[in-house]
1. What residues qualify as long-range amide H neighbours of Tyr103, i.e. H under 5 Å apart, gap of 5 or more or another chain, H built at 1.01 Å from N?
2. Divide by every residue of the chain the summed helix terms, -39500 (n - 2.57) for each DSSP H run of at least 4, and state the resulting mean residue ellipticity at 222 nm, rounded to the nearest 500 deg cm²/dmol.
3. If you average 1/r over all unlike Cα pairs in the range 209-338 and invert the result, what Kirkwood radius do you get in angstrom?
4. Among Gln15, Asn83, Met319, which residue has its Cα furthest toward the positive end of the charge dipole of the chain, with +1 on Lys/Arg Cβ and -1 on Asp/Glu Cβ?
5. Students often check this: by mean Cβ neighbours within 10 Å, which of 228-237, 264-273 ranks highest, and how do the rest follow?
6. At a threshold of 8 angstrom on Cα-Cα distance, excluding pairs fewer than six apart, so keeping six or more, what relative contact order does the chain reach in percent?
7. Which distance in Å, rounded to a whole number, links the C-alpha centroids of the range 48-95 and the range 298-333?
8. Could you tell me, in Å, what Rg and Dmax come out for the Cα atoms of the chain?
Amino acid sequence: MDAIRIKERGLEFEQLGKLPQDVLNFIYEQQLFKLFTAKELGGKDLDLLEGIKIFQQMSALDGNFGWLITIGTGGNAFIPAFNKDICEKVYTPKNAVIAGSGYPTGIAVKTDNGYYVTGQWKYCSGADYATTFTMNCFVEQDGVKTENIISCSMNRQHVEVLNDWRAMGLKATASHTIRVHHIWVPQEATFQLGSIKNNYGNSVHSFPFITFAEASFLSVCLGITENFLEESLHLIKQRQHDVSRIERIGALQFLVIQQQKHFKQYEERFYTMLSTYWQKHQQGSQLTEEELLQFTQMSKEIAAACVELANSLVRSLGMDAITETATINRIWRNLYTAAQHGFLTP
């Protein structure tokens, strides 16, 4: 399998509602869920910028494919937070990947050496093939719910997947709700971001998590927008033989070229800031609150600009733009859905 084949299969992915097994096998072979995983755990151990660029490249092939690789790799952020034994158990298998939710919509009842977890969590992308699930819970102690939050991990055999993902785009991401009832989670299977319990981590894992997440989701939007622009030009070229509409086609082609220039400006702005922050982090300097807020603002602005860019073209692309099985429509819906993530919305 190669990248071109992935690009050709977008409609198949959407109609299936998940990635086919041969595509998952390709991801496992290429270690695409392990971009920031140590080589000792079977990963690629990439630099932050290398990994973020791969997120964009994979999203430019297909939004579902890129989103799932990005989400799956995001679980690498928890590597330092587990003790060595748990870490190796969770991350070493070739097909290892985490799905889950950061929203604390569960309850963890504290006992002497662990927790009994009950709850339900929405939007767990990759739920149909995850080997481990993570979820945040409010801690209940001595019958009283506290404001303390604990992050838990558990094997998929203990988790019920509700198959309720019904968004207009990213239909193949299996971003379903998960549910557990009174499942025992030992203390060592809980974790806290920022803690270091093994030596498998790298400098990506100590980069500010929210900024890492914003960069990851924005790179997906950039990749999908790149794909949208390519498909727009493809549609225009298909219509160039229509002599009666030559003037309109020329105007549309000019509009796409203008939007490509704007896209390159967005892309350059993103990678310039991310590169600056990454270099500063590698040099041991802590990013200031103001810098983190600037990155958040930039991420939201560029995500909105990508959506507006697509919208400015959709009205001129004819019936293909509103036909659900058309490639351009699917890309547009995927972009809208990706940009709706809480890290990117106003």
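Bear in mind that the values in this text are calculations on the coordinates, not laboratory data. Please read all numbers here as calculations on a predicted model, not as lab measurements. So basically every Cβ, Gly included, is an ideal-geometry build from the backbone, and we count neighbours across all protein chains shown.
1. Placed amide hydrogens put Asn136 under 5 Å from Tyr103.
2. When only DSSP H runs of four or more count, the value is -15500 deg cm²/dmol.
3. It works out to 16.1 Å.
4. Going by the Cα projections, it comes out as Met319.
5. 228-237, 264-273
6. Relative contact order here is 20 percent.
7. Centre-to-centre distance over Cα atoms comes out at 27 Å.
8. 21.2, 78
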